[in-house]
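First up is the structure itself, then whatever we jot down about it.
The values are calculated or read from the model by the stated rules, or taken from the named source; none is laboratory data. All values derive from a computational prediction rather than experimental measurement. Reconstructed Cβ throughout: ideal geometry from the backbone, glycine too, with neighbour counts over all protein chains shown.
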């Protein structure tokens, strides 16, 4: 690794819910530096979740993230001229990142509705252990399970 390691920055909690995880999620949704647009999308999605499920939208959000977050993933490693897919445990920060990324990508793939509705639907599906984000998690987990024989190559 060249140079110094980047310093971890403290994320300021979001203005509405005072939650650092939602602030990070807003940053992941944001495109081209348009934070106010990303905030509007996320807050509208959480409001829709509250209306449709009659539950606390923060709890639904946290349940969805927890359900989608993977515990294992594979990492390619070259050993003796062959490439092996080695299963490794996912660190907590990366788990949150992957869960957010998969939920956002899955909601962007849905067609025909505004982003806040697509995001709300994907979060509700993930909280019920359904949807494309959960399928993505399952494929990653299955790949790691299938390559368990190469786990001894991990350091």
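Which numbered condition trips up residue 43, out of (1) surrounded by 18 or more Cβ atoms within 10 Å (Cβ to Cβ); (2) under 17 Å from residue 133 (Cβ atoms)?
Here residue 43 clears every test but (2).
Among the residues in the stretch 147-154, are any in contact with a helix residue (DSSP H, G or I) (Cβ under 8 Å, 6 or more places away or on another chain), part of a helix (DSSP H, G or I) and either touching a residue at least 40 places away in the same chain (Cβ under 8 Å) or surrounded by fewer than 16 Cβ atoms within 10 Å (Cβ to Cβ) (or both)?
So the first thing to find is which residues in the stretch 147-154 are in contact with a helix residue (DSSP H, G or I) (Cβ under 8 Å, 6 or more places away or on another chain), and the list is none.
No.
For residue 100, work out the one condition from (1) within 27 Å of residue 142 (Cβ to Cβ); (2) at pLDDT below 95; (3) surrounded by 14 or more Cβ atoms within 10 Å (Cβ to Cβ) it doesn't fulfil.
So the condition that residue 100 fails would be (2).
Taking residue 121 as meeting all but one of (1) within 19 Å of residue 51 (Cα to Cα); (2) part of a loop (DSSP other than H, G, I, E, B), write down the number of the exception.
Exception for residue 121: condition (2).
In the stretch 27-54, what count of residues is obtained for those that are assigned to a loop (DSSP other than H, G, I, E, B) and over 21 Å from residue 12 (Cα atoms)?
Of the residues in the stretch 27-54, the ones assigned to a loop (DSSP other than H, G, I, E, B) are 30-34, 54.
Of the ones still in play, those that are also over 21 Å from residue 12 (Cα atoms) are 54.
Selection size over the stretch 27-54: 1.
From 94, 108, grab the single residue that is surrounded by 13 or more Cβ atoms within 10 Å (Cβ to Cβ), out of contact with any helix residue (DSSP H, G or I) (no Cβ under 8 Å at 6 or more places or on another chain), without any contact (Cβ under 8 Å) to a residue 60 or more places away in the chain and in a helix (DSSP H, G or I).
Values: 108 fails: out of contact with any helix residue (DSSP H, G or I) (no Cβ under 8 Å at 6 or more places or on another chain).
Of 94, 108, the one residue that is surrounded by 13 or more Cβ atoms within 10 Å (Cβ to Cβ), out of contact with any helix residue (DSSP H, G or I) (no Cβ under 8 Å at 6 or more places or on another chain), without any contact (Cβ under 8 Å) to a residue 60 or more places away in the chain and in a helix (DSSP H, G or I) is 94.
Are there any pairs, at least 6 apart or on different chains, whose C-beta atoms fall under 7 Å, with the first in the stretch 47-60 and surrounded by 15 or more Cβ atoms within 10 Å (Cβ to Cβ) and the second assigned to a loop (DSSP other than H, G, I, E, B), and if so, which?
Hits for this filter: 58/17; 58/19.
Has the stretch 72-92 got at least one residue that is closer than 14 Å to residue 28 by Cβ and at pLDDT 90 or above?
Of all residues in the stretch 72-92, those closer than 14 Å to residue 28 by Cβ come to none.
There is no residue in the stretch 72-92 that is closer than 14 Å to residue 28 by Cβ and at pLDDT 90 or above.
Return the total of residues in the stretch 135-146 being touching a residue at least 24 places away in the same chain (Cβ under 8 Å) and either surrounded by fewer than 20 Cβ atoms within 10 Å (Cβ to Cβ) or farther than 21 Å from residue 71 by Cα (or both). Reasoning before the result, please.
In the first step, residues of the stretch 135-146 are kept if they are touching a residue at least 24 places away in the same chain (Cβ under 8 Å); the result is 136-137, 140-141, 143-145.
Among the residues that remain, those that are also either surrounded by fewer than 20 Cβ atoms within 10 Å (Cβ to Cβ) or farther than 21 Å from residue 71 by Cα (or both) are: 136, 140-141, 143, 145.
Qualifying residue count, the stretch 135-146: 5.
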